[in-house]
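J.: The structure is given below, and queries will be raised subsequently.
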Amino acid sequence: MLMVAPALLHASLWIGLPVVASVVLAFTKYDVLTAPQFVGLDNFRDMLDDAVFRKSIVNTVIYTFFTVPFGMLLGLLVALALHTGLKARGIFRTAVFIPQVTATVAIALVWLWIYNPGNGLLNTLLSFLGIQGPAWLSSTSWAMPSVILVGIWQGIGMKMLIYLAALQSLPKELYEAASVDGASKVRQFFSITLPLLKPATFFVLITSMISAFQSFDQIYILTDGGPANSTTMMTFEIYKSAFREFRIGYASAQSLVLFVLLMGFTLVNRRIMGGTRGHN
(Lines give C-alpha, C1' and ligand atoms only; values in the text may rest on other atoms or scores of the structure.)
Protein backbone atom coordinates (compact mmCIF):
# COMPACT_ATOMS: atom_id res chain seq x y z
CA MET A 1 0.00 0.00 0.00
CA LEU A 2 2.91 2.34 0.71
CA MET A 3 4.32 1.75 -2.77
CA VAL A 4 1.02 2.37 -4.55
CA ALA A 5 0.09 5.36 -2.35
CA PRO A 6 1.62 8.02 -4.69
CA ALA A 7 -0.18 6.65 -7.74
CA LEU A 8 -3.41 6.27 -5.76
CA LEU A 9 -3.15 9.85 -4.50
CA HIS A 10 -2.48 11.12 -8.03
CA ALA A 11 -5.46 9.19 -9.44
CA SER A 12 -7.73 10.38 -6.64
CA LEU A 13 -6.80 14.06 -7.07
CA TRP A 14 -6.60 14.32 -10.85
CA ILE A 15 -9.10 11.66 -11.97
CA GLY A 16 -11.41 10.74 -9.10
CA LEU A 17 -12.29 14.25 -7.88
CA PRO A 18 -12.84 15.70 -11.39
CA VAL A 19 -15.12 12.77 -12.26
CA VAL A 20 -17.20 13.31 -9.12
CA ALA A 21 -17.25 17.07 -9.75
CA SER A 22 -18.43 16.53 -13.34
CA VAL A 23 -21.31 14.35 -12.21
CA VAL A 24 -22.37 16.93 -9.62
CA LEU A 25 -22.00 19.88 -12.01
CA ALA A 26 -24.08 18.07 -14.64
CA PHE A 27 -27.14 18.98 -12.59
CA THR A 28 -26.21 22.62 -12.13
CA LYS A 29 -25.95 25.88 -14.04
CA TYR A 30 -22.35 27.01 -13.72
CA ASP A 31 -20.33 29.56 -15.70
CA VAL A 32 -17.13 29.69 -13.60
CA LEU A 33 -17.77 33.32 -12.58
CA THR A 34 -20.78 32.65 -10.36
CA ALA A 35 -21.62 29.92 -7.87
CA PRO A 36 -23.26 26.77 -9.28
CA GLN A 37 -27.06 26.72 -9.19
CA PHE A 38 -28.91 23.41 -9.00
CA VAL A 39 -31.20 23.03 -12.03
CA GLY A 40 -32.04 19.31 -11.87
CA LEU A 41 -32.43 17.73 -15.29
CA ASP A 42 -32.58 21.00 -17.23
CA ASN A 43 -29.18 20.42 -18.88
CA PHE A 44 -30.32 17.04 -20.18
CA ARG A 45 -33.57 18.55 -21.46
CA ASP A 46 -31.55 21.21 -23.27
CA MET A 47 -29.53 18.44 -24.93
CA LEU A 48 -32.69 16.92 -26.36
CA ASP A 49 -33.42 20.25 -28.05
CA ASP A 50 -29.82 20.82 -29.14
CA ALA A 51 -29.73 19.88 -32.82
CA VAL A 52 -25.96 20.41 -33.06
CA PHE A 53 -25.25 18.05 -30.15
CA ARG A 54 -27.54 15.42 -31.65
CA LYS A 55 -25.62 15.86 -34.92
CA SER A 56 -22.35 15.39 -33.01
CA ILE A 57 -23.60 12.07 -31.61
CA VAL A 58 -24.42 10.85 -35.13
CA ASN A 59 -21.05 12.04 -36.43
CA THR A 60 -19.23 10.33 -33.56
CA VAL A 61 -21.01 7.05 -34.23
CA ILE A 62 -20.24 7.29 -37.96
CA TYR A 63 -16.59 8.10 -37.26
CA THR A 64 -16.32 5.18 -34.83
CA PHE A 65 -18.16 2.79 -37.17
CA PHE A 66 -15.58 3.31 -39.92
CA THR A 67 -12.32 3.96 -38.06
CA VAL A 68 -12.54 1.08 -35.57
CA PRO A 69 -13.22 -1.98 -37.80
CA PHE A 70 -11.05 -0.81 -40.72
CA GLY A 71 -8.25 0.15 -38.34
CA MET A 72 -8.48 -3.23 -36.59
CA LEU A 73 -8.42 -5.10 -39.90
CA LEU A 74 -5.39 -3.20 -41.18
CA GLY A 75 -3.63 -3.56 -37.83
CA LEU A 76 -4.20 -7.32 -37.88
CA LEU A 77 -2.98 -7.63 -41.47
CA VAL A 78 0.19 -5.68 -40.70
CA ALA A 79 0.78 -7.77 -37.56
CA LEU A 80 0.37 -10.98 -39.56
CA ALA A 81 2.84 -9.74 -42.16
CA LEU A 82 5.40 -8.88 -39.48
CA HIS A 83 4.79 -12.16 -37.64
CA THR A 84 5.44 -14.25 -40.73
CA GLY A 85 8.97 -12.88 -41.17
CA LEU A 86 8.60 -9.85 -43.44
CA LYS A 87 11.97 -8.51 -44.58
CA ALA A 88 13.15 -5.35 -42.77
CA ARG A 89 10.26 -5.82 -40.36
CA GLY A 90 11.98 -3.75 -37.67
CA ILE A 91 12.02 -0.68 -39.91
CA PHE A 92 8.52 -1.38 -41.16
CA ARG A 93 7.18 -1.83 -37.61
CA THR A 94 8.74 1.46 -36.53
CA ALA A 95 7.33 3.29 -39.55
CA VAL A 96 3.83 1.99 -38.84
CA PHE A 97 4.01 2.82 -35.14
CA ILE A 98 5.47 6.35 -35.44
CA PRO A 99 2.07 8.05 -36.06
CA GLN A 100 0.80 6.57 -32.79
CA VAL A 101 3.44 8.36 -30.71
CA THR A 102 3.54 11.56 -32.76
CA ALA A 103 1.58 14.52 -31.43
CA THR A 104 -1.85 14.62 -33.04
CA VAL A 105 -1.51 18.35 -33.67
CA ALA A 106 1.66 17.75 -35.73
CA ILE A 107 -0.07 14.97 -37.65
CA ALA A 108 -3.09 17.17 -38.30
CA LEU A 109 -0.89 19.96 -39.65
CA VAL A 110 0.76 17.52 -42.08
CA TRP A 111 -2.64 16.32 -43.26
CA LEU A 112 -3.78 19.94 -43.64
CA TRP A 113 -1.07 20.28 -46.25
CA ILE A 114 -1.95 16.95 -47.87
CA TYR A 115 -5.61 17.98 -48.14
CA ASN A 116 -4.87 21.54 -49.30
CA PRO A 117 -7.07 22.03 -52.39
CA GLY A 118 -4.55 24.34 -54.09
CA ASN A 119 -1.10 22.81 -53.74
CA GLY A 120 -1.69 19.85 -51.44
CA LEU A 121 -0.07 16.48 -52.09
CA LEU A 122 -3.32 14.60 -52.68
CA ASN A 123 -4.78 16.97 -55.28
CA THR A 124 -1.35 17.28 -56.95
CA LEU A 125 -1.20 13.51 -57.41
CA LEU A 126 -4.78 13.46 -58.69
CA SER A 127 -3.97 16.21 -61.21
CA PHE A 128 -1.35 13.94 -62.79
CA LEU A 129 -4.20 11.51 -63.49
CA GLY A 130 -6.36 14.26 -64.97
CA ILE A 131 -8.64 14.37 -61.93
CA GLN A 132 -9.57 17.63 -60.27
CA GLY A 133 -9.57 16.99 -56.53
CA PRO A 134 -12.23 18.58 -54.30
CA ALA A 135 -11.75 20.93 -51.36
CA TRP A 136 -11.44 17.98 -49.01
CA LEU A 137 -11.92 19.71 -45.67
CA SER A 138 -14.27 22.44 -46.89
CA SER A 139 -16.83 20.15 -48.48
CA THR A 140 -19.72 18.72 -46.48
CA SER A 141 -19.45 15.59 -48.61
CA TRP A 142 -15.71 15.01 -48.24
CA ALA A 143 -14.82 16.45 -44.83
CA MET A 144 -15.95 13.46 -42.77
CA PRO A 145 -14.31 10.81 -45.03
CA SER A 146 -11.10 12.87 -44.91
CA VAL A 147 -11.13 12.95 -41.11
CA ILE A 148 -11.94 9.23 -40.97
CA LEU A 149 -8.94 8.45 -43.18
CA VAL A 150 -6.64 10.33 -40.80
CA GLY A 151 -8.13 8.47 -37.82
CA ILE A 152 -7.62 5.06 -39.44
CA TRP A 153 -4.05 5.84 -40.48
CA GLN A 154 -3.00 7.17 -37.09
CA GLY A 155 -4.46 4.28 -35.11
CA ILE A 156 -2.98 1.36 -37.05
CA GLY A 157 0.29 1.35 -35.07
CA MET A 158 -1.13 0.55 -31.63
CA LYS A 159 -3.50 -2.08 -33.00
CA MET A 160 -0.63 -3.69 -34.89
CA LEU A 161 1.53 -3.77 -31.77
CA ILE A 162 -1.13 -5.43 -29.62
CA TYR A 163 -1.98 -8.01 -32.27
CA LEU A 164 1.70 -8.74 -32.89
CA ALA A 165 2.30 -9.35 -29.18
CA ALA A 166 -0.73 -11.66 -29.07
CA LEU A 167 0.42 -13.57 -32.16
CA GLN A 168 3.87 -14.13 -30.70
CA SER A 169 2.35 -15.65 -27.55
CA LEU A 170 0.24 -18.26 -29.37
CA PRO A 171 1.36 -21.89 -28.76
CA LYS A 172 3.25 -23.23 -31.76
CA GLU A 173 2.34 -26.85 -31.02
CA LEU A 174 -1.26 -26.18 -32.08
CA TYR A 175 -0.09 -25.15 -35.54
CA GLU A 176 2.24 -28.13 -35.74
CA ALA A 177 -0.63 -30.47 -34.89
CA ALA A 178 -2.87 -28.76 -37.43
CA SER A 179 -0.20 -29.11 -40.12
CA VAL A 180 0.13 -32.83 -39.36
CA ASP A 181 -3.65 -33.15 -39.75
CA GLY A 182 -3.42 -31.49 -43.15
CA ALA A 183 -5.00 -28.13 -42.25
CA SER A 184 -4.14 -25.34 -44.69
CA LYS A 185 -2.81 -21.95 -43.60
CA VAL A 186 -6.23 -20.41 -44.19
CA ARG A 187 -7.92 -23.09 -42.10
CA GLN A 188 -5.34 -22.62 -39.34
CA PHE A 189 -5.99 -18.89 -39.33
CA PHE A 190 -9.75 -19.19 -38.94
CA SER A 191 -9.73 -22.23 -36.65
CA ILE A 192 -6.75 -21.42 -34.41
CA THR A 193 -5.46 -17.87 -34.80
CA LEU A 194 -8.70 -15.91 -34.75
CA PRO A 195 -10.26 -17.76 -31.77
CA LEU A 196 -7.06 -17.42 -29.73
CA LEU A 197 -6.86 -13.71 -30.60
CA LYS A 198 -10.28 -13.11 -29.05
CA PRO A 199 -8.98 -11.46 -25.82
CA ALA A 200 -6.67 -9.19 -27.82
CA THR A 201 -9.48 -8.36 -30.24
CA PHE A 202 -11.79 -7.45 -27.36
CA PHE A 203 -9.13 -5.21 -25.84
CA VAL A 204 -8.35 -3.52 -29.16
CA LEU A 205 -12.05 -3.06 -29.88
CA ILE A 206 -12.83 -1.38 -26.55
CA THR A 207 -9.76 0.86 -26.49
CA SER A 208 -10.31 1.82 -30.14
CA MET A 209 -13.93 2.73 -29.49
CA ILE A 210 -13.00 4.84 -26.48
CA SER A 211 -10.30 6.58 -28.52
CA ALA A 212 -12.68 7.20 -31.43
CA PHE A 213 -15.39 8.61 -29.15
CA GLN A 214 -12.83 10.93 -27.57
CA SER A 215 -11.38 12.22 -30.85
CA PHE A 216 -10.78 15.93 -30.57
CA ASP A 217 -7.34 17.17 -31.66
CA GLN A 218 -7.63 16.31 -35.34
CA ILE A 219 -11.14 17.77 -35.53
CA TYR A 220 -10.00 20.98 -33.84
CA ILE A 221 -7.07 21.44 -36.23
CA LEU A 222 -8.47 20.04 -39.48
CA THR A 223 -12.06 21.32 -39.60
CA ASP A 224 -13.02 23.02 -36.31
CA GLY A 225 -16.19 20.95 -36.51
CA GLY A 226 -17.20 22.27 -39.93
CA PRO A 227 -18.24 22.76 -42.55
CA ALA A 228 -21.82 23.21 -41.34
CA ASN A 229 -21.14 20.94 -38.33
CA SER A 230 -20.53 18.00 -40.66
CA THR A 231 -17.50 16.84 -38.65
CA THR A 232 -18.33 18.03 -35.15
CA MET A 233 -17.90 15.34 -32.49
CA MET A 234 -19.22 14.92 -28.96
CA THR A 235 -15.88 15.87 -27.41
CA PHE A 236 -15.68 18.96 -29.62
CA GLU A 237 -19.15 20.05 -28.54
CA ILE A 238 -18.18 19.48 -24.89
CA TYR A 239 -15.13 21.68 -25.45
CA LYS A 240 -17.24 24.39 -27.09
CA SER A 241 -19.80 24.36 -24.29
CA ALA A 242 -17.16 24.52 -21.57
CA PHE A 243 -14.41 26.75 -22.95
CA ARG A 244 -16.09 28.89 -25.61
CA GLU A 245 -19.52 29.40 -24.07
CA PHE A 246 -18.51 28.81 -20.41
CA ARG A 247 -21.53 26.57 -19.83
CA ILE A 248 -19.67 24.25 -17.47
CA GLY A 249 -22.79 22.58 -16.12
CA TYR A 250 -24.08 21.82 -19.62
CA ALA A 251 -20.66 20.55 -20.71
CA SER A 252 -20.56 18.26 -17.65
CA ALA A 253 -23.97 16.87 -18.60
CA GLN A 254 -22.69 16.23 -22.14
CA SER A 255 -19.65 14.46 -20.68
CA LEU A 256 -21.93 12.27 -18.57
CA VAL A 257 -23.88 11.27 -21.68
CA LEU A 258 -20.60 10.41 -23.42
CA PHE A 259 -19.58 8.26 -20.46
CA VAL A 260 -22.92 6.42 -20.43
CA LEU A 261 -22.69 5.74 -24.18
CA LEU A 262 -19.15 4.38 -23.86
CA MET A 263 -20.10 2.20 -20.91
CA GLY A 264 -23.12 0.88 -22.80
CA PHE A 265 -21.09 0.03 -25.90
CA THR A 266 -18.45 -1.67 -23.76
CA LEU A 267 -21.01 -3.88 -22.00
CA VAL A 268 -22.72 -4.76 -25.28
CA ASN A 269 -19.41 -5.70 -26.92
CA ARG A 270 -18.42 -7.79 -23.93
CA ARG A 271 -21.75 -9.61 -24.06
CA ILE A 272 -21.49 -10.22 -27.81
CA MET A 273 -17.92 -11.50 -27.59
CA GLY A 274 -18.59 -13.52 -24.47
CA GLY A 275 -16.02 -11.62 -22.40
CA THR A 276 -12.47 -12.86 -21.98
CA ARG A 277 -12.89 -15.57 -19.35
CA GLY A 278 -10.60 -18.49 -19.87
CA HIS A 279 -8.19 -16.51 -22.06
CA ASN A 280 -5.37 -14.94 -20.06
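The values are calculated or read from the model by the stated rules, or taken from the named source; none is laboratory data. Predicted model, so just to flag it, every value in this text is computed and none were measured. Glycine gets a Cβ as well: all are built from the backbone with ideal geometry, and neighbour counts include every protein chain shown. Remember, those area values only see protein heavy atoms, side chains included, never the ligands or the DNA or RNA. Shrake-Rupley method; radii C 1.70, N 1.55, O 1.52, S 1.80 Å.
J.: Go through the stretch 68-91 and count every residue that is open to solvent by 50 Å² or more (accessible area, probe 1.4 Å), in a helix (DSSP H, G or I) and within 21 Å of Phe189 (Cβ to Cβ).
T.: Of the residues in that region, 7 qualify.
J.: Identify the single condition in (1) in contact (Cβ under 8 Å) with a residue 24 or more places away in the chain; (2) surrounded by 15 or more Cβ atoms within 10 Å (Cβ to Cβ); (3) assigned to a helix (DSSP H, G or I) that Val52 does not satisfy, given that it satisfies every other one.
T.: Tallying (1) in contact (Cβ under 8 Å) with a residue 24 or more places away in the chain; (2) surrounded by 15 or more Cβ atoms within 10 Å (Cβ to Cβ); (3) assigned to a helix (DSSP H, G or I), Val52 fails exactly one: (2).
J.: Within the stretch 185-244, work out how many residues are within 17 Å of the chain's Cα centre (by Cα) and among the aliphatic types (A, V, I, L, M).
T.: Of the residues in the stretch 185-244, 13 are within 17 Å of the chain's Cα centre (by Cα) and among the aliphatic types (A, V, I, L, M).
J.: Give the residue that is surrounded by the most Cβ atoms within 10 Å (Cβ to Cβ), with candidates limited to residues of the stretch 155-194 that are of a type in the set (Val, Ile, Thr) and closer than 30 Å to Gln214 by Cα. Show your work before the answer.
T.: Initial filter on the stretch 155-194 (of a type in the set (Val, Ile, Thr)): 156, 162, 180, 186, 192-193.
Adding the requirement that they be closer than 30 Å to Gln214 by Cα leaves 156, 162.
Details: Ile156: 23, Ile162: 21.
Per the stated criteria, the residue is Ile156.
J.: Which of (1) modelled with pLDDT of 90 or more; (2) in contact with a helix residue (DSSP H, G or I) (Cβ under 6 Å, 6 or more places away or on another chain) does Gly133 not meet, given it meets every other one?
T.: (1) is the only condition that Gly133 fails.
J.: Among the candidates Lys29, Lys87, which residue alone is more than 30 Å from Ala251 (Cα to Cα) and of a type in the set (Lys, Arg)? Walk me through how you get there before you give the answer.
T.: Working: Lys29 fails: more than 30 Å from Ala251 (Cα to Cα).
Going through Lys29, Lys87 in turn, just one is more than 30 Å from Ala251 (Cα to Cα) and of a type in the set (Lys, Arg): Lys87.
J.: Could you give every pair whose Cβ atoms fall below 9 Å, whose first residue belongs to the stretch 245-260 and is within 17 Å of Ala51 (Cβ to Cβ) and open to solvent by 20 Å² or more (accessible area, probe 1.4 Å), and whose second residue is of a type outside the set (Ser, Thr, Tyr) and in a loop (DSSP other than H, G, I, E, B), counting only separations of at least 6 or pairs across chains?
T.: Pairs found: Glu245/Asp31; Arg247/Asp31; Val257/Ala26.
J.: Oh, and also: Looking only at residues in the stretch 32-49 that are polar (S, T, N, Q) and surrounded by 10 or more Cβ atoms within 10 Å (Cβ to Cβ), which one is nearest to Ser241 (Cα to Cα)? Give the steps one after another, and end with the answer.
T.: Our first condition is that a residue be polar (S, T, N, Q); within the stretch 32-49, this holds for 34, 37, 43.
Pick out the ones that are also surrounded by 10 or more Cβ atoms within 10 Å (Cβ to Cβ) and you get 37, 43.
On the way: Gln37: 17, Asn43: 12 Å.
Of everything passing the filter in the stretch 32-49, Asn43 is nearest to Ser241 (Cα to Cα).
J.: Turning to a different aspect of this structure: When you scan the stretch 44-61, how many residues do you find that are under 12 Å from the mean Cα position of the chain (by Cα) and more than 17 Å from Thr207 (Cβ to Cβ)? Lay out the reasoning, then the answer.
T.: Of all residues in the stretch 44-61, those under 12 Å from the mean Cα position of the chain (by Cα) come to 60-61.
Remaining after also requiring more than 17 Å from Thr207 (Cβ to Cβ): 61.
Of the residues in that region, 1 qualify.
J.: Of the residues that sit in the stretch 9-31 and are farther than 18 Å from Phe259 by Cα and surrounded by fewer than 12 Cβ atoms within 10 Å (Cβ to Cβ), which one is farthest from the chain's Cα centre (by Cα)?
T.: Leu9
J.: Let me ask something else. Val204: touching a residue at least 40 places away in the same chain (Cβ under 8 Å), part of a helix (DSSP H, G or I), of a type outside the set (Phe, Trp, Tyr) and under 21 Å from Met158 (Cα atoms), yes or no?
T.: Working: touching a residue at least 40 places away in the same chain (Cβ under 8 Å): yes; part of a helix (DSSP H, G or I): yes; of a type outside the set (Phe, Trp, Tyr): yes; under 21 Å from Met158 (Cα atoms): yes.
Here the answer is yes, as Val204 does meet what is asked.
J.: When only residues in the stretch 135-153 that are in a loop (DSSP other than H, G, I, E, B) and in contact (Cβ under 8 Å) with a residue 60 or more places away in the chain count, which is surrounded by the fewest Cβ atoms within 10 Å (Cβ to Cβ)? If you could, list the steps in order and put the result at the bottom.
T.: Within the stretch 135-153, the subset in a loop (DSSP other than H, G, I, E, B) is 135-142.
Now restrict to residues that are in contact (Cβ under 8 Å) with a residue 60 or more places away in the chain: 137-140.
Values: Leu137: 22, Ser138: 14, Ser139: 15, Thr140: 12.
Once the filter is applied, the top-ranked residue is Thr140.
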